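Below you'll find the structure, written out as structure tokens, and then a few comments.
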Amino acid sequence: MTPDPHMVHVLPPRRSATRPARLLPSLSLALGALALGACASATAGTGAAAATGGSASAAAPRPDPRVGLRAGLHDAEEAAWNLRVVSKSQPSERFAGVTNSDLAFTGNYAIQGNYNGWQVWDISNPARPQLTTAYYCPASQSDVSVYKNLLFVSGEGLTGRLDCGGGGVQQAVSKDRLRGLRIFDISDIKNPRNVGNVQTCRGSHTHTVLVDPKDTENIYVYISGSAGVRSAEELPGCVSETPDKDPNSALFRIEVIKVPVANPAAAAIVSSPRIFNDLAAPPTHGAAPEDVTAAAQALAAARARGDFIVTVNGTERALRAQQTRPMLDSIVRARGGSGDPTAADSAALRAALPSMMARLFGGRGPRTGPTQCHDITVYPAIGLAGGACEGYGLLLDISNPANPVRIGAVADSNFSYWHSATFNNDGTKILFTDEWGGGSQPKCRASDPKTWGANAYFTLKDRKMEFQSYWKLPAAQTSNENCVAHNGSLIPIPGRDVMVQSWYQGGISVVDFTDIRHPTEIAFHDRGPVDANRMGNGGSWSVYWYNGSIVSSEISRGLDIFELTPSAFVSQNEIDAAKTVHLDYLNAQGQPKIVWPASFAKARAFVDQLERSKGLSGARLTAVRQALAGAESASGAQRQGALTTLATALEGDAAGSSDAAKVRMLTEAVRELAR
């Protein structure tokens, strides 16, 4: 196909050391400001069915019912299409009002991360989830993963404590601080025990659990995080200089932790692969026109108020009060004063700011490629991982789990922040999401480009990525709704590539990308804004299909569970076939190979798909359905004989079908039933 002018492909890295240019820290980090935002930032559940159900129409509803929904925290207006709300569960007391993050699943439990710790929900009855455990242990962002009896929790912020206390860590250097990975034994899930911690130089924003089938005594955890490097006084060996100045730099690398399953207390970092070597600064797009106008207006208002204005890289920015207050307090203390700063103190700060900015940002080299990943999705069955790494999407060979190797990289001027990756089940496609705006900004407005903050779809052939298309939430959201592409998982419909995905306050969407050039939305759910008058913190952080249910972590509202309903796009047989797939556990960044057991639902799902694609005539489809019904009602040798006869006939059908591949899938499904 014709190469997309926005895409940049990069060869695998050379093994030799590189000399990356110096980094450009954000102004907020440089000034130690508070970080806001979602990603960059109880009780028993209740049965619910507030939103509308499915539709037999093959067309999406128009006008889009997601546009103009009434705002509210727990009473917002809702819209649903081809999905049913099964339950909505509010957070428990110590977790209410605090950001919910990602999910992991084990057995009948959904484990939900939260900036105050993590909660365990028993979802064996999806209509009434029961809160089993609410473990208080503040940290950001508390992303969670599981393996057997072990639970892993990410900690990145400066205030996370080793003892899980709520007082934070006030000292710049402290032995009490936890930045890295916590490990819990959840053999007794009501009484978890902290059995290990692994400290890392940049903390853990997210992590990836990799189970190597060749090494069942250990698991490997890839640590991702883009926060600043901690002091070597706090954690020996941490180096914030770039690799050209110190080859031991904690930048431009990930950490790989090896965890002995039988002795998790012995978990330790075993390698720090430099998978970002030789990546140049990615192409970027500027701000959207609406944002340019808003920024100019905000700057003018800040100037009129007398706010402090600085110039960074040629762009004027107003500093926030939480940024300037510590500096003013320092000036007051320096003159031996106390209390509020005076006009003279403000004047002194204004005079000093230009030189401060020069020291922080002046003399720095050109922009570089990424120094970290946000997510790394591993797919052990095909030996590959997709790395969503700031300005690049990476393809990694994970055949040696301790030493992943970059084998491909793509950048895109339409992408702002490569956030997460998902393979299709065959391993022939991969999609990346773009978290434009960091998850805390409205990026699904009517005026926002459909190629910004979207999904990008690639084919995989000979372990190379080839761009195919974009897809973005089509329903325009308000300027009070943080909305952009975020996390999701495959829905195991045999013969198709279907994914459920979160969009923060844009809700959740179910997208069929079987035709990778034309991804199509086939179901959705959305609420009105959390707040009608200002940007509130809410929406779906992540959503996953797990053993028949669609489970969403709602940032402010709790835990939502949905059910896919039959429609013109998905038949009841396809839903039933999807529900035959059972997983013992599921992690956000670990993709299992989906294997469908033999079932009449699977065979009928393929028949329904052939009807949709017109791969067989109506008369032939009727005959096949009758043959399947007859075989199902029979038993023993009679059933086996009927199925074998049907499979033989279907083999003949394939040659004359316009959808021969699907006929062969049906044939194999019938043969499985006959065995």
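The values are calculated or read from the model by the stated rules, or taken from the named source; none is laboratory data. Everything quoted here is computed from the prediction, not taken from an experiment. Here the Cβ is made from the backbone with ideal geometry for all residues, glycine too, and neighbour counts use every protein chain on show. What goes into the accessible areas is simple: the full protein's heavy atoms, side chains included, and nothing from ligands, DNA or RNA. Shrake-Rupley method; radii C 1.70, N 1.55, O 1.52, S 1.80 Å.
At-a-glance table
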{"read-out": "Estimated 222 nm signal from helices in the chain, with DSSP H stretches of n ≥ 4 weighted -39500 (n - 2.57), rounded to 500", "value": "-6000 deg cm²/dmol"}
{"read-out": "The range 567-675: relative contact order in percent, alpha carbon pairs under 8 Å with at least 6 residues between", "value": "27"}
{"read-out": "Residue among 281, 501, 210 farthest towards the positive dipole end of the chain, charges placed on Cβ", "value": "281"}
{"read-out": "Positive-pole candidate from 121, 181, 86, dipole of the range 66-212, charges at beta carbon", "value": "181"}
{"read-out": "Of all accessible heavy-atom area on the range 447-548, the percent that carbon and sulfur account for (1.4 Å)", "value": "49"}
{"read-out": "Antiparallel %, DSSP beta bridges [both residues in the chain], to 5", "value": "95"}
{"read-out": "Of all accessible heavy-atom area on the range 573-675, the percent that carbon and sulfur account for (1.4 Å)", "value": "54"}
{"read-out": "Charge dipole (debye, nearest 20) of the chain; +1 at Cβ of Lys and Arg, -1 at Cβ of Asp and Glu", "value": "800"}
{"read-out": "Surface per residue (accessible, 1.4 Å probe) for the chain, Å²", "value": "40"}
{"read-out": "HN-Hα J in Hz across the range 532-547 - Karplus 6.51, -1.76, 1.60, θ = phi - 60°, x for Gly and Pro", "value": "6, 10, 7, 5, x, 9, x, x, 7, 6, 7, 8, 9, 7, 9, 6"}
{"read-out": "Normalised contact order of the range 422-476, rounded percent, pairs of Cα under 8 Å and 6 or more residues apart", "value": "34"}
{"read-out": "Percent accessible area from carbon and sulfur atoms, the range 115-244, protein chains only, probe 1.4 Å", "value": "47"}
{"read-out": "Relative contact order (%) - criterion: Cα under 8 Å, at least six apart; region: the range 153-210", "value": "37"}
{"read-out": "Shape of the range 294-442, Cα gyration tensor, a/c cut at 1.5", "value": "prolate"}
{"read-out": "Vicinal HN-Hα couplings computed from phi for the range 628-643 (Karplus, 6.51 cos²θ - 1.76 cosθ + 1.60; Hz; Gly/Pro x)", "value": "5, 5, x, 5, 5, 7, 8, 8, x, 5, 5, 5, 4, x, 5, 5"}
{"read-out": "Leading residue at positive end of dipole, the chain (Cβ point charges), from 538, 511, 626", "value": "538"}
{"read-out": "For the range 232-336, projected area of the alpha-carbon convex hull averaged over all directions, nm²", "value": "13.0"}
{"read-out": "Inter-part distance where the range 154-233 and the range 106-141 are each reduced to a Cα centre, Å", "value": "18"}
